[in-house]
Structures are given as C-alpha cells and as structure tokens.
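Below you'll find the structure, written out as structure tokens, and then a few comments.
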Amino acid sequence: MYRGRRLRKNSVIRDMMKETRLSAKELVYPLFVTEQPDVKQEIPAMPGVYHYSLDHLHEILDEMVETGVLSCILFGIPLHKDACGSSAYAQDGIIQKAIAYIKQEYPMLYVIADVCMCEYTDHGHCGILCEDGHVDNDVTLTYLNKIALSYAAAGVDMVAPSDMMDGHIASIRECLDAHGYQEVAIMGYSAKYASSYYGPFREAAHSAPSFGDRRSYQMDYANQEEAMREIAADIEEGADVIMVKPALAYLDIVKMAKQQFATPLCVYNVSGEYSMLKLAVAQGLVKEEVIYETMLAFKRAGADIIITYFALDIAKQLRKGEC
C-alpha cells in the first residue's frame, strides 16, 4: 500500500523530497522613483513599500545587494505630466537618471525599466489619445520607441513595455537594434489583464486614468486562449521574456503558457495581491508563511522569474533558512 507519510516523517526527508525550490536570484523587486527631492515615503495602500527620491535610492539598493535580490524593475513618478508623456523619454527624466545611477554605483544589479506612459500623461492612459478619447495604437508606438531608446542610452539591461499596444515588441526591437542596442533585452507584458488587482499600484504610481478605463487595450480576465495568442505574438515579435500579470488569480494562464511556449516566463505578483496578503498577515488572519507558499505556487505553476514586492522579505527568510 502507498504510504506517502513515510517521506514526510521529518524536515530532513521532506527537504529531500521537495519538488519546487525558490531562490532570491529568481526575484525582481519593483522600485518607485520620484523626481521630488529628499523623499522616502511609505505608500499608504502598500505597507512596507516606499517612494524613493534619487538621493535616497541607495538605501534600498544596499538592502537589495545585502539580501541577494540582484534585479529591480523601475517605475517613475515625474513632476511634470502632459498629453504626450514627454517626461517619460526626456534625457534627464527620473528613470533615465535612476538607471545611470544604479549602473554606475551598483554594477552588480540587473536593471529593468517599465516602458509605459500612464505615469507621465496628464490623462493617465497608456498612450497618445485620438480626438475621440481612444488611444491611438500606432502613434503611441513611436513614443514607446523614444522611451525605450532613452532607457537604453542610460544603460538599462532590459525594457518591459506594459502599455499593451499591438505590435509594440517588434517596434521597440527594431528601434533598439537600429541604434546599436541589440544587447538590451525585452520583457513583454504579454498576457496583461484589465484587473482590479492593480488598485494600490495606481495610487503608488499616480497613474489612474482620468476618464474611462483600459479595457480596450488590456485583456478581458475571462479569456484564456486570447492570452496564448498575445504571448505567441510577443514571441514572434522578438520578446526575450514573456509575462503573465496578475499572477495569483491567473495560475491557469501561467501553466498554459509554460506548457505551450519554451520562452522564459515571468509573473508579476501585483500590488493588490501584495496588499491583501500583507493586511491578512497584519490582522492575524493567516500566518506569514502564506507569502512563501504563494511564491512557491507561482514557481510550481511554471514561473521562471517573479516580480514581487515581497522580494526582500522572502530573500531575508531564505538566508535565515526560515523557508
């Protein structure tokens, strides 16, 4: 008779039998960098996550290096917003400055920069608007190219266009290659759903749309096969890494993507997922171990890379052997 308990007798045999393992090297930490000076301010909707000005950025970067989390993804909070998001591609923009600073002072870190316009436009949408208020897909591509190119010039390792415009991966790849940046990788936000889990992020990034919503360019969360089409398109256009976002409620999509595509797969454990678990732990509703359990679920479903606001917490626990 099969007795599975024989191989669960104590921690030694359980560790030997463990099928899924996690390391700090697979984690990416999101950073919100603000153009305002002298800022280290906790984001109310995301306990433990902060806005950092450039002069305080070293504090969190030192912590990343110490814990072994060697990759970050950058989001900018500009002082100026306009209809075309000009601060996003300015040579002296906040993310351009942050990239250059990190690559100069922390060369061991791998820097990913989010390519989008919602934090930089005065209307909060992810691209250039037509007269009727819809996002003009093809005109927006030219602006995304400008953003990606400015990040590459600053020294970024990877760009990650989160705008969900059709054809954006091919457009950015062609632009980067034409300017000699063939080594800059692209992570596609390939299956990005129009999700309510993004709420805290929009507070953090000051990026909520001033009217309407993003359902015309982000995916319907009822759909699976559409996600596979979006991922296939990104791969065909030249994406080096694909992504499923959000993560926790979309593990079926992660599993399908892993089974269908032999491309490195990232999940984004988004702000709403983070805040819900943080609050549940703080209220004593669940034990803190639920965070590590969640990370393992992403890995077990097929994720190779996990973008998460829990990255430093998990890395510290891993170093102490607590998980």
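Using a cut-off of 18 Å between alpha-carbon atoms, which lysines can reach Lys40, once sequence neighbours fewer than 8 places away in the same chain are excluded?
Answer for Lys40, where 18 Å is the Cα cut-off: Lys97, listed by chain and number.
Over segment 113-205, what is the relative contact order in whole percent, taking alpha-carbon pairs under 8 Å and six or more residues apart?
This gives 27 percent for segment 113-205.
Determine the gain in length on full extension of the stretch Asp122-Tyr221; use 0.36 nm per residue of separation and subtract their C-alpha separation, reporting nm with one decimal.
Numbers: separation 99, 0.36 × 99 = 35.64 nm, distance 2.69 nm.
Residue separation times 0.36 nm, minus the Cα-Cα distance, leaves 33.0 nm.
Using r as the Cβ-Cβ distance of Lys287 and Glu66, and R0 as 30 Å, what FRET efficiency do you calculate, to the nearest 0.05?
0.75
Which one of Asn137, Ala257, Met295 has its Cα pushed farthest toward the positive end of the charge dipole of the chain, where Lys and Arg give +1 and Asp and Glu give -1 at the Cβ?
Comparing the listed Cα positions along the dipole, Met295 ranks first.
Counting Lys and Arg as +1 and Asp and Glu as -1, each charge on the Cβ, what is the dipole of the chain about the Cα centre in debye, to the nearest 20?
The calculated dipole for the chain is roughly 2080 debye.
Might you tell me the accessible area per residue for segment 217-278, computed with a 1.4 Å probe and given in Å²?
40 Å²
Let's see if you can work this out: charge +1 on each Lys and Arg Cβ, -1 on each Asp and Glu Cβ, no other charges. What is the dipole magnitude of segment 83-132 about its Cα centre, in debye to the nearest 20?
So the magnitude is around 320 debye.
By how many degrees, 0 to 90 and rounded to 10, does the Cα axis of helix 251-260 deviate from the longest principal axis of the chain?
Roughly 80 degrees, rounded to the nearest 10.
Given the options Gln36, Val49, Val12, identify the residue whose Cα lies farthest towards the positive end of the charge dipole of segment 1-52 (+1 on Cβ of Lys, Arg; -1 on Cβ of Asp, Glu).
Val12
Rounded to the nearest 20 debye, what is the charge dipole size of segment 61-220 about its Cα centre when +1 sits on each Lys and Arg Cβ and -1 on each Asp and Glu Cβ?
60 debye
Roughly how many percent of the accessible protein surface of the chain is carbon and sulfur, given a 1.4 Å probe and a whole-percent answer?
Looking at the chain in its full context, I get 50 percent from C and S.
At 7 Å along the Cα-to-beta-carbon direction for both Gln91 and Glu322, put a label point, then send me their distance in nm to one decimal.
4.7 nm
For the charge dipole of the chain, defined by +1 on Lys and Arg C-beta atoms and -1 on Asp and Glu C-beta atoms about the Cα centroid, which residue among Ala98, Pro246, Leu277 has the Cα displaced farthest towards the positive pole?
Leu277
Quick one: if the Förster radius is 45 Å, what FRET efficiency do Met17 and Ala178 give, using the C-beta to C-beta distance and rounding to 0.05?
E(calc), rounded to 0.05, equals 0.30.
I'd like the Karplus ³J(HN,Hα) series for segment 104-110: coefficients 6.51, -1.76, 1.60, θ = phi - 60°, whole numbers in Hz, and an x wherever there's a Gly or Pro.
Computed from phi, the couplings for segment 104-110 are 7, 8, 9, x, 6, 8, 9 Hz.
Taking the 0 to 90 degree range and rounding to the nearest ten, how far is the long axis of helix 57-67 tilted relative to the main principal axis of the chain, both from C-alpha atoms?
Roughly 30 degrees, rounded to the nearest 10.
The values are calculated or read from the model by the stated rules, or taken from the named source; none is laboratory data. Treat the numbers as computed from the prediction; the structure is a model and nothing was measured. All Cβ positions, glycine included, derive from the backbone under ideal geometry; neighbour counts span all protein chains shown. To get the accessible areas, we keep the full protein, side chains included, count just its heavy atoms, and leave off ligands, DNA and RNA. Shrake-Rupley method; radii C 1.70, N 1.55, O 1.52, S 1.80 Å.
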